[in-house]
Amino acid sequence: MLAGLLVVVPLIASLVLFLMKGKPVKNIALVFSLVPFAIAIAAYVQLTHNPDSSTLLLNCTWIKSMNVHFAIALDGMSLLLVLLTTFLVPLIILSSYQNNYDNSHSFYGLILLMEMALVGVFMANDGFLFYVFWELALIPIYFICLLWGGADRARITFKFFVYTLFGSLFMLIGLIYLYNHTYTTAGIKSWAIMDLYAAGQALTEVQQGAVFWLIFIAFAIKMPIFPLHTWQPDTYVTAPTQGTMLLSGIMLKMGTFGLIKWLLPIVPLGLANWGGTAITLSVIGIVYASCIAIVQKDYKRLIAYSSIAHVGLIAAGILAANAQGVQGALMQMLAHGVNVVGLFLIADILLRHTGTRDIDKLGGIRSMNGNFAVMFLIILLGSVALPLTNGFVGEFLLINGVYQFSPIAATFAGLTVILGAVYMLRSYQNIMLGERRDAAITFGSVASSDKWVLIIVCLVIIAFGVYPKPLTDLAEPAVKQILSVINK
Amino acid sequence: MINGISINMYMVLSAILFIIGAVGVMARRNSIIIFMCIELMLNAVNLLLVSFSTLHNDPKGQVFVFFIMAVAAAEVAVGLAILSMVYRNVKSIDTNLMSNLKN
Amino acid sequence: MVKLVGLVPLFPLIGFLINGFFGKKLSKSISGTIASVAVLASFVVALLLFFEVQHLPGHKAEVSLFSWISAGTLNIPFAFLIDPLSSWFLLIITGIGFLIHVYSIGYMHTDDGFQRFFTYLNLFVFFMLLLVLGNNYLIMFVGWEGVGLCSYLLIGFWFKNTEYNNAAKKAFIINRIGDLGFLLGIILIFISYGSITYSGVFEKAGIVNESTITTIALLLFIGAMGKSAQIPLYTWLPDAMAGPTPVSALIHAATMVTAGIYMIVRSNVFYSISEVASEVVAIVGVATALFAATIGLLQNDIKKILAYSTVSQLGLMFLGLGVGAFSSSVFHVTTHAFFKALLFLGAGSVIHAMGGEQDIRKMGGLKGKIKITFLTMFIGTIAISGIPPFSGFFSKDEILAHVYEHSPVLWFFGMLTSMLTAFYMFRMLYVTFWGSFRGTKEQAHHVHESPSSMTIPLIVLAALSVIGGTLGLPEFWGTPNWMHHHLDAVIYRKNTSLLTHETEWLLMGLAVASAVAVIFFAHQLFVKNGVLPQTNENKLKPWQKLVANKYYVDEFYTAIIQKPIDLISGAFHKFFDVQLIDGIVNGVGTSVKGLGAVVRLVQNGNIGMYVISMVLGIILIFLTLFIL
């Protein structure tokens, strides 16, 4: 019931918004987007009190001939991601208040449609349904980037679309392959996740390796992992700020979440054989992207590269496949989602107030607006994982997890601690500190909608840095279950 | 079946008619002639159907021929209508000029 | 009573929140008072706890607040440990912290960022208290990074100055290098012992093989190198003098930089087991001590001299740790906190009097003009130089005695360091306070004694510098070494001195004699002959130039680390990312497009063509069917 509502409500909301052409829809969109968040909170209460409640499940036949079910369920892990999604969407809508987009009704409609698809991806328990939601999520973001994007958007959006679609097709092949093998283990061809797990585990080592790579590539492109990342910086820079927030804050987590739920338990042998290679790629990505971030001038592009570094660490932790790594990955997914929304909003505010995001042209903003500087600093500290911010919990667990896999990989992954500080502090110093470099640049008070987003982000950063227990407790049983499947 | 004329002869005639039709479709550019050639090919097939129907003493083949003739008539009506529309727009019925869908 | 331990960090946190949120609405005096009272309140609680600890069973107690991080078998409580070591550090931090807060009210009274300054200062005290109070390594790490953040904020306190900002950034980044080592060390401890709480690790330290313990100890020591400014990660500390002087006194002399020593004393069981790690600590310590002391010889900025002196003294403490003299090092931390805070605050008072001038070549003859500052600084200088019965003498002598027992070679270098220390400290003192006034006329007119909020802390610290030595009187005098007994419960391997009393007397006599001789030499040089530091850098001899430029270590680091990273990053971006990887991606796209361009030629729109190809196709199908 609750699970079904989480999909249906954003869908209806988006359809309503599509019909409201020419009307001011900001506030309506915001109210609409708060409803799924309320439902997610209700689901959280339900899950903590009565984890077996039937309201958290929905399972009905969809396409009989292929044995496809519309099966969605909320366990601790998917609820974490659903909470993140439903929490971020209102923030993203609020952050758009200062950008007066044309045709805003379809803009917000697309955002809510996207929310529906994302929530669906996180809840799906049926391989076919998962794939449908996975691809469905691509459509709204494609239009958001294409219609409201910046310079050269047609080319860049096209590349992004084709690149990710290309990756997804590999996953489709992998899933169909598994579907055909469910016959031997389940006695009937089935898309149910547990049947896919069983079918995957029954494969030989070589077959598992092949499936591992087929599915991994789709996720690796979505996250993205080195060297499949080149669509990402351009797309992040060109997309409208809200599009970037959706992409990096939530959509990226489809990939990492997919790794945990749709890859590791399916091919444990493939993981055992190829996990090392994948971790190596992830770790290379961390160092590589961090280095590139150091020399970026455009602040938005800098965050884009830092995002590659962060997600590399998350992927490495997941692929290490131990309790600390996976748990840390979930924590870091939440932290990263919240933090990048804050950082991208800051990039947007800078652009709106000063007309540039070039960190070499900005400077001295701290003396013009001290409160903004403080909030910026808090978000930045969350991003460089200072203890008692939300970023630290995840990062510590992740490095811990990777260390158990390989101390050397962990040492290189840990370089993010240093390099992250280098590029973040360098950009902060250039943008905020020192003397004003260009007399024409002024920076007045920040609009109240922006201010509220930043305040909420800061509060979350500190609250879950000091007391992450509700989140870890929520994830713990689900993580245990996944790990027990892997280690069976 | 007319005595003395074997089934082979019908088949040869039919094949000749069909080939004339096919070559006409391939070689000519005038739409009307192409159209006529298509009819020729249809009739070649009709001839074959009728011959075998008689040979096997089975009326099914002749029933088919009626269907084909009915369809061909409808086709002629629609086809000529299209052609006359094309002619009105392009002032020609040369197929080489009808390449607007190319790009 | 022990339950109240949470109050100790809570008070500065409240002070931080009040000043942080409402600072702008508060007047300077209220803001400063709130911050100081917060630390004073912590000091009072810490004092009560300190006495309480003596009566506790096992001399320790743990107070758990909540479960912080848990994942799988990893379970990290947010819990505090109160034992002789942490309770002693609490006293140092809150006690000296309070004095410096009071001092800052006077020192910063004209600054626009007054409230902000106290906000950061309270935050610093909060994190520093967390660092020493945690009952596990991760809470220590929280404080560890937290003080790093505050250090960053306070070094770059005057944020409009790019050079200060660079210094702040450098401090943070270099500290982070150490932090990574520390973090990996913590993780290795977790993996080896399945726990990171002190009680869960130390008691079964021996179950792990020695090479792992060595790795753990070395990783932890990397953390200590960063925070406590040891070779090769020391370069941030002299630059950190960009911050306001009270910050230099509190953070970069008395408390934060001794965190590394706290950490190693806390983990002394690892270092007792691993000979290799201990040896590394001792060698790095003595090298740093000697190296920094030589740089101190030719510095002219009063704060830089003190900064290098701090680096050098920290090196001496690590030397002590390396030879297993853990309690002696804590003793030296304590006395060093007294006299170095005093010297920094005194230097601040001098700078205050000179209207912001920090170059000792432009001072001179100040002893009659700012008497209290002069007298207190004089006491501090004697204390650091190791003249009995001042505090520095006892702590330094105790360390050196242990070093001699371990290795006479190390002892020789330690001795050399302390002679150099005496020399450059007296050089600073003589050049600043003796001779004739060399500043501008305006400055001469302006010179005045600081307000009482600044001088009272000086006097208190001077008194502590004088009597601090009684905390650890030498055992061979037949007097009880209080510090040694106090820390008994936390030191796992005791080493009692094997030296004969005669040797100990001899070492002590040598130390005093050499210090006196050096001071006499300095007196001859700077007072009798009135030699002044060279102002023209071109006239320096080559070796002097080398030393005055700090052996060009900063330039060296820039050349071998910073520049290559920038270069590689640029190459990664411009060549590798944009051209190679993205080139391949775009290449795939372009080739598909190209293939399409070729294939689409077939679709030329000629109906005849289509029909012919169709017929040919049919014929082909028939042919294949018949042939096959």
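Give me the residue from the range A:65-123 that is within 18 Å of A:A239 (Cβ to Cβ) and charged (D, E, K, R) and, out of that set, modelled with the lowest pLDDT.
A:D102
Yes/no matrix, rows are residues, columns are (1) within 14 Å of chain A (Cβ to nearest Cβ); (2) surrounded by 14 or more Cβ atoms within 10 Å (Cβ to Cβ); (3) modelled with pLDDT under 85:
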position	(1), (2), (3)
C:S514	no, yes, no
C:Y552	no, no, yes
C:Q579	yes, no, yes
C:I584	yes, no, no
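Check whether at least one residue in the range C:234-249 is over 21 Å from C:I76 (Cβ atoms) and of a type in the set (F, W, Y), and report yes or no.
The initial filter retains those residues of the range C:234-249 that are over 21 Å from C:I76 (Cβ atoms), namely C:234-249.
Then keep just the ones that are of a type in the set (F, W, Y); that gives C:234, C:236.
Yes - at least one qualifying residue is present in the range C:234-249.
Select from the range A:422-457 the residues that are more than 14 Å from chain C (Cβ to nearest Cβ), hydrophobic (A, V, I, L, M, F, W, C) and not in a helix (DSSP H, G or I) and list them in ascending order.
Taking the range A:422-457 first, the residues more than 14 Å from chain C (Cβ to nearest Cβ) are A:438-454, A:456-457.
The next check asks that each one be hydrophobic (A, V, I, L, M, F, W, C); those that pass are A:439-441, A:443, A:446-447, A:452-454, A:456-457.
Correct list: A:A439, A:A440, A:I441, A:F443, A:V446, A:A447.
Against the condition touching a residue at least 40 places away in the same chain (Cβ under 8 Å) and either within 14 Å of chain A (Cβ to nearest Cβ) or in a strand (DSSP E or B) (or both), how does C:F89 come out, does it pass? Don't jump to the end; show me each part of the working.
On the way: touching a residue at least 40 places away in the same chain (Cβ under 8 Å): yes; either within 14 Å of chain A (Cβ to nearest Cβ) or in a strand (DSSP E or B) (or both): no.
For C:F89, the condition - touching a residue at least 40 places away in the same chain (Cβ under 8 Å) and either within 14 Å of chain A (Cβ to nearest Cβ) or in a strand (DSSP E or B) (or both) - is not met.
For the range C:600-628, enumerate the residues that are of a type in the set (V, I, T), modelled with pLDDT of 85 or more and exposed (fewer than 10 other Cβ atoms within 10 Å of the Cβ).
The answer is C:T624, and nothing else.
Here are some conditions: (1) without any contact (Cβ under 8 Å) to a residue 24 or more places away in the chain; (2) closer than 23 Å to C:I186 by Cα; (3) at the interface with chain C (Cβ under 10 Å from one of its Cβ atoms). A:N400 meets all but one. Which one does it not meet?
Result: A:N400 fails condition (1) only.
So, of the residues in the range A:365-374 that are within 9 Å of chain C (Cβ to nearest Cβ) and in contact (Cβ under 8 Å) with a residue 40 or more places away in the chain, which turns out to be nearest to the chain's Cα centre (by Cα)?
Taking the range A:365-374 as the starting set, the residues that turn out to be within 9 Å of chain C (Cβ to nearest Cβ) are A:366-367, A:370, A:373-374.
So of that shortlist, the ones also in contact (Cβ under 8 Å) with a residue 40 or more places away in the chain come out as A:366-367, A:373.
Details: A:R366: 30, A:S367: 34, A:A373: 26 Å.
The residue in question is A:A373.
When the range A:458-488 is examined, which residues are found to be hydroxyl-bearing (S, T, Y) and either under 13 Å from A:L80 (Cα atoms) or away from every other protein chain (no Cβ under 11 Å) (or both)? Outline the logic, then answer.
Pass one, the range A:458-488, residues hydroxyl-bearing (S, T, Y): A:467, A:472, A:484.
Correct list: A:T472, A:S484.
Can you confirm whether C:L188 is free of Cβ contacts under 8 Å to residues at least 60 places away in the same chain, surrounded by 24 or more Cβ atoms within 10 Å (Cβ to Cβ) and within 17 Å of C:V276 (Cβ to Cβ)? Talk me through it step by step, then tell me what you get.
On the way: free of Cβ contacts under 8 Å to residues at least 60 places away in the same chain: yes; surrounded by 24 or more Cβ atoms within 10 Å (Cβ to Cβ): no; within 17 Å of C:V276 (Cβ to Cβ): yes.
Answer is no for this residue.
State whether the residues of the range C:454-476 include one that is over 23 Å from C:L507 (Cβ atoms) and touching a His at 6+ places or on another chain (Cβ under 8 Å).
For the range C:454-476, residues over 23 Å from C:L507 (Cβ atoms) and touching a His at 6+ places or on another chain (Cβ under 8 Å): present.
Report whether or not A:I266 is in contact with a His (Cβ under 6 Å, 6 or more places away or on another chain) and hydrophobic (A, V, I, L, M, F, W, C).
No.
Please state which of the following conditions C:R438 fails to meet, knowing it meets all the rest: (1) part of a helix (DSSP H, G or I); (2) surrounded by fewer than 20 Cβ atoms within 10 Å (Cβ to Cβ).
Failed condition: (1).
Only one residue in B:N3, B:N8, B:N46, B:N89 is assigned to a loop (DSSP other than H, G, I, E, B) and more than 14 Å from every other protein chain (Cβ to nearest Cβ). Which one? Full working, then the answer.
Numbers: B:N8 fails: assigned to a loop (DSSP other than H, G, I, E, B); B:N46 fails: assigned to a loop (DSSP other than H, G, I, E, B); B:N89 fails: assigned to a loop (DSSP other than H, G, I, E, B).
B:N3 is the lone residue from the list that is assigned to a loop (DSSP other than H, G, I, E, B) and more than 14 Å from every other protein chain (Cβ to nearest Cβ).
Restricting the search to the range C:44-67, which residues are out of contact with any Pro (no Cβ under 8 Å at 6 or more places or on another chain) and among the hydrophobic types (A, V, I, L, M, F, W, C)?
Once the filter is applied, which keeps residues that are out of contact with any Pro (no Cβ under 8 Å at 6 or more places or on another chain) and among the hydrophobic types (A, V, I, L, M, F, W, C), the range C:44-67 yields C:V44, C:V45, C:A46, C:L47, C:L48, C:L49, C:F50, C:F51, C:L56, C:A61, C:V63.
Please identify the pairs in which a residue from the range C:45-72 that is under 21 Å from C:F141 (Cβ atoms) and away from chain A (no Cβ under 14 Å) has its Cβ atom under 6 Å from the Cβ atom of a residue that is part of a strand (DSSP E or B) and modelled with pLDDT of 85 or more, counting only partners at least 6 apart or on another chain.
Within 6 Å, the pairs are C:E62/C:A79; C:E62/C:L81; C:V63/C:F80.
Run down C:F114, C:F124 and say which single residue is under 26 Å from A:G364 (Cβ atoms) and buried (at least 24 other Cβ atoms within 10 Å of the Cβ). Quick ask: steps written out before the conclusion?
Working: C:F114 fails: buried (at least 24 other Cβ atoms within 10 Å of the Cβ).
Matching residue, one of C:F114, C:F124: C:F124.
Could you identify the single residue in C:G356, C:G364 that is at positive phi, modelled with pLDDT under 90 and either of a type in the set (S, T, Y) or in contact with a Gly (Cβ under 9 Å, 6 or more places away or on another chain) (or both)?
Numbers: C:G356 fails: either of a type in the set (S, T, Y) or in contact with a Gly (Cβ under 9 Å, 6 or more places away or on another chain) (or both).
Going through C:G356, C:G364 in turn, the sole match is C:G364.
For the range C:16-38, what are the residues that are of a type in the set (F, W, Y) and surrounded by 14 or more Cβ atoms within 10 Å (Cβ to Cβ)?
Narrowing the range C:16-38 to residues of a type in the set (F, W, Y): C:16, C:21-22.
Matches in the range C:16-38: C:F16 only.
Run A:V267 past the list (1) touching a Ser or Thr at 6+ places or on another chain (Cβ under 9 Å); (2) more than 11 Å from chain C (Cβ to nearest Cβ); (3) crowded, with 24+ Cβ neighbours inside 10 Å and report the number of the one that doesn't hold.
Looking at each condition in turn, A:V267 falls short on (1).
For the range A:217-234, which positions are assigned to a helix (DSSP H, G or I) and either farther than 20 Å from A:Q327 by Cα or at pLDDT below 90 (or both)? Walk me through it before giving the result.
Going residue by residue through the range A:217-234, those that are assigned to a helix (DSSP H, G or I) are A:217-222, A:231-234.
Within the range A:217-234, A:I217, A:A218, A:I221, A:K222, A:W231, A:Q232, A:P233, A:D234 meet the criteria.
As an exercise: evaluate C:L81 against (1) in contact with a Gly (Cβ under 8 Å, 6 or more places away or on another chain); (2) in a helix (DSSP H, G or I); (3) of a type outside the set (V, I, T) and give the number of the one condition it does not meet.
(2)
Which one of A:L362, A:L377, A:L351 is under 20 Å from A:Q296 (Cβ atoms), more than 9 Å from chain C (Cβ to nearest Cβ) and assigned to a helix (DSSP H, G or I)?
Values: A:L362 fails: assigned to a helix (DSSP H, G or I); A:L377 fails: more than 9 Å from chain C (Cβ to nearest Cβ).
The conditions single out A:L351.
What's the total number of residues in the range C:92-114 that are in a helix (DSSP H, G or I) and farther than 30 Å from C:Q54 by Cβ?
Qualifying residue count, the range C:92-114: 6.
The values are calculated or read from the model by the stated rules, or taken from the named source; none is laboratory data. Nothing here was measured: the structure is a model prediction, and the numbers come from that model. Cβ: placed from backbone, ideal geometry, glycine included. Neighbour counts: every protein chain shown.
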